[in-house]
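Where a number appears in this text, it was derived from the coordinates with a stated rule and is not lab data. This one's a predicted model, so the numbers in the text were calculated from it and none came from an experiment. Cβ placement follows ideal geometry from the backbone for every residue including glycine, while neighbour counts extend to all protein chains displayed.
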Amino acid sequence: MAFNAKWKLEELLAQHIGKAMPELLADIRLDLAEMIAGCPVFQLIITDNGNYFRLTDSKGFEQKPPRVVGLYSIFTRDCVIYFGEAKDLYRRQLLDPDNTADSGKVFQGQGRAILKFILHYGWANRLGFDRVFLQMYPGNYQIPRQGHKTFEECYEVSKYSKALEGVLGLFIQQYHSQMADRSRKDGLLI
């Protein structure tokens, strides 16, 4: 049987912007590297009741994500532990009702809910997650190598966030050391 699956990223975005898929993938990979170098990193903390994340900078000041579409990575000093997309980074990071302990929901494989569970019960140190960081790649981020066009202008993140999550998920692990470098630059890692 022939491989005849269709990929939304190729069918729509690559054709729309007039690039061959290998060229588009290479550009996306390089642009991810630029966003990792350019976007700030925050410490990810769980609220006392375990329901919500908080983001703080190196001085402990609470930070609010932008209310834009984007992607994000959650990582530790040693590895990337989650990569995802959000139609609204503010809502997804701070107000996500789908991953709260008081939702009455029994979860199985939702990575963010599992992380909240582990952090709330204080198991993070035993698992090597002593400090957890978050870096967001918002749609309004201007990418230097793209002539400072935004992530949205380059890849229509608002339309293709799930497809972009899939492809960037292939590359994210190889950029962990750059995330750690950015964490050091932001004063979160020493």
Subject >> segment 107-190: C-alpha gyration tensor shape, a/c 1.5 cut-off, then a/b vs b/c >> reply: oblate
Original post:
Quick one: helix 176-185 against the long Cα principal axis of the chain, what's the angle to the nearest 10°, folded into 0 to 90?
Top reply: 60 degrees
Original post:
What is the total of Lys pairs in segment 90-190 with C-alpha atoms under 30 Å apart, excluding same-chain pairs fewer than 8 positions apart?
Top reply: 10
Original post:
So if R0 is 30 Å, what FRET efficiency would Met21 and Asn140 give, r being the distance between their Cβ atoms, rounded to the nearest 0.05?
Top reply: 0.70
Original post:
Around Tyr52, which amide H atoms from residues at least 5 apart in sequence, or from another chain, sit under 5 Å from its own amide H, with H modelled in the peptide plane?
Top reply: Thr47
Original post:
Scaled to the compact-protein estimate 2.2 N^0.38 Å, what is the alpha-carbon radius of gyration of the chain, rounded to two decimal places?
Top reply: 1.06
Original post:
With labels modelled as points extended 7 Å from the Cα through the Cβ direction, what inter-label distance (nm, one decimal) is found for His148 paired with Asn49?
Top reply: 4.4 nm
Subject >> Inter-site label distance for Gln174 and Asn4 at 7 Å from Cα along Cβ, in nm >> reply: 3.2 nm
Original post:
Taking the Cα centre of each part, how many Å lie between segment 1-79 and segment 118-190?
Top reply: 5 Å
